[in-house]
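Peer 1: If you scroll down you'll find the structure; I have some questions about it.
The values are calculated or read from the model by the stated rules, or taken from the named source; none is laboratory data. Keep in mind it's a predicted model, so treat the numbers as computed, not measured. No Cβ is skipped: glycine too gets one built from the backbone with ideal geometry, and neighbour counts run over all protein chains shown.
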Amino acid sequence: MAKFTTEEKIQIALRYLEGNESIEIIAGEVKVSPTILSGWVRLYEQHGIEAFIKPYTNYSTEYKLNVLNYMNETGTSSYNTAAIFNISSPGMIRNWRKGFEAGGGGVMP
């Protein structure tokens with residue numbers, strides 16, 4: 001998968017939100033998975049342009065636990081949770097869950 005600039009991600013998300021093309025068609029044309037594109041759209045819908053402008057963030061254990069508790073209580077997917085909490089990667093949340101389950105209480109990394 002190609003690396004996309006912040007501006008490209010925003011333009012691709014807006015292209016879908018204009019409502020004229022499906023996620024699958026756009027994803028195929030720009031060569032990104034529909035799941036990734038769907039995540040960009042959710043991020044944009046929740047947080048606008050700011051969702052794509054991310055300095056490096058170090059999340060506290062308490063914050064990670066709050067995110068995981070939210071997922072458990074609501075049944076929200078890691079993709080939707082990432083959009084709601086403006087976390088750059090749903091995979092990061094899945095890693096937190098694995099770390100928590102493996103460590104029995106500590107959230108890694």
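Peer 1: Among the residues in segment 72-80, are any at pLDDT 90 or above and in contact with a helix residue (DSSP H, G or I) (Cβ under 6 Å, 6 or more places away or on another chain)?
Peer 2: Yes, segment 72-80 contains a residue that is at pLDDT 90 or above and in contact with a helix residue (DSSP H, G or I) (Cβ under 6 Å, 6 or more places away or on another chain).
Peer 1: Right, here's the next one. Can you name the residue in segment 41-100 that is under 30 Å from G19 (Cα atoms) and over 15 Å from the mean Cα position of the chain (by Cα) and, of all such residues, is surrounded by the fewest Cβ atoms within 10 Å (Cβ to Cβ)? Before you say what the answer is, go through the steps one by one.
Peer 2: We begin by selecting, within segment 41-100, every residue under 30 Å from G19 (Cα atoms); these are 41-54, 71, 74-93.
If we keep only those that are over 15 Å from the mean Cα position of the chain (by Cα) as well, we get 74-75.
Working: T74: 11, G75: 7.
Result: G75.
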